[in-house]
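Novice: Okay, handing you the structure first.
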Amino acid sequence: MNYKVKLADGTTQLIEITTGYFKNWKVWIVNINGKAAMLYKLGTEWMQRNEDHLDSRTLKTIGEFIDTMVSPAGTPSLA
């Protein structure tokens, strides 16, 4: 699905987020600016594959956005 996300640098980007599985991990495929990145959550921290090159602020912002989609307001995310 397509979402508008306000990034840490103040710009608003249209991104496409889909979910899937890689081996036993739940992953989120994020298409931003024509590039795809595979994100996953390790504990409370969002990570990306070595091949993907999102800067840390963008990664954190998108991860927090996914957290709000996955868990209702007021409950911790267990994504």
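Novice: Take Tyr3 and decide whether it is at pLDDT below 90 and touching a strand residue (DSSP E or B) at 6+ places or on another chain (Cβ under 9 Å). It would help to see each step written out before you state the result.
Specialist: On the way: at pLDDT below 90: yes; touching a strand residue (DSSP E or B) at 6+ places or on another chain (Cβ under 9 Å): yes.
Yes; evaluated as a whole, the condition is true for this residue.
Novice: Could you list all residues from the range 1-31 that are in contact with a helix residue (DSSP H, G or I) (Cβ under 8 Å, 6 or more places away or on another chain) and farther than 17 Å from Thr68 by Cβ?
Specialist: Asp9
Novice: Follow-up. Looking at this structure, is Lys41 crowded, with 16+ Cβ neighbours inside 10 Å, modelled with pLDDT of 90 or more and farther than 16 Å from Glu16 by Cβ? Write out each step before concluding.
Specialist: Numbers: crowded, with 16+ Cβ neighbours inside 10 Å: yes; modelled with pLDDT of 90 or more: yes; farther than 16 Å from Glu16 by Cβ: yes.
The answer is yes for Lys41.
The values are calculated or read from the model by the stated rules, or taken from the named source; none is laboratory data. It should be emphasised that the depicted structure is a prediction, and the values quoted were computed from it without experimental measurement. Cβ sites come from the backbone with ideal geometry, for glycine too, and all protein chains shown count toward neighbours.
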